[in-house]
Amino acid sequence: MASAVYRTLCRFGDKVIYPILPKSARPAWNHPAGPKTVFFWAPTIKWCLVGAGLADLTRPAEKLSVYQNVALFCTGAIWTRYCFVIIPVNYYLASVNFFVGCTGLTQLLRIAHYEYYHPKHKAHIMPEEDESYIVVDAA
């Protein structure tokens, strides 16, 4: 059922969209990683991660998650490399992964900057590591 809908949409696009495309954009329409494949739409949706990372620029650095941003940075770096190894090479997917990594790295740098200039405020300390409950005998 889903493949029938997919084929119908592709035929519709070939009849309606392809004729109005500029000659320079026509090769991209039929590319193995073009808009008629999941290799195009998955990265398009993944741009939401970049948008979320950019929206986090408005959040205070002490509220950001180190673990989440390490994951974004590592994911972006690993998958950017992978995009140049797979066949067909998917530059669109590589670009979105690159920017996912950049947003993760940017947030990690913001966290590091905050922790460097606010050493008394332990922004990302785990609750079990909190030393405020330790009582030192003054005598």
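The values are calculated or read from the model by the stated rules, or taken from the named source; none is laboratory data. This is a predicted model, so every value here is computed, not measured. We place every Cβ from the backbone using ideal geometry, glycine too, and count neighbours over all the protein chains shown. Note: areas computed on protein heavy atoms with side chains; ligands, DNA, RNA excluded. Shrake-Rupley method; radii C 1.70, N 1.55, O 1.52, S 1.80 Å.
Quick notes on this structure:
- Residue match in the range 91-111 (condition: without any contact (Cβ under 8 Å) to a residue 12 or more places away in the chain and more than 30 Å from Ser3 (Cα to Cα)): yes
- Scope the range 17-31; condition open to solvent by 60 Å² or more (accessible area, probe 1.4 Å) and under 17 Å from Arg7 (Cβ atoms); matching residues: Ile17, Tyr18, Asn30
- Any hit, the range 61-69, residues being closer than 30 Å to Ala28 by Cβ, open to solvent by less than 80 Å² (accessible area, probe 1.4 Å) and modelled with pLDDT under 95: no
- Of all residues making up the range 66-90, the number that are farther than 27 Å from Thr37 by Cα and in contact (Cβ under 8 Å) with a residue 40 or more places away in the chain: 2
- Entry remark, the range 25-57: residues being within 30 Å of Glu115 (Cβ to Cβ) and either modelled with pLDDT of 95 or more or aliphatic (A, V, I, L, M) (or both) number 6 in total.
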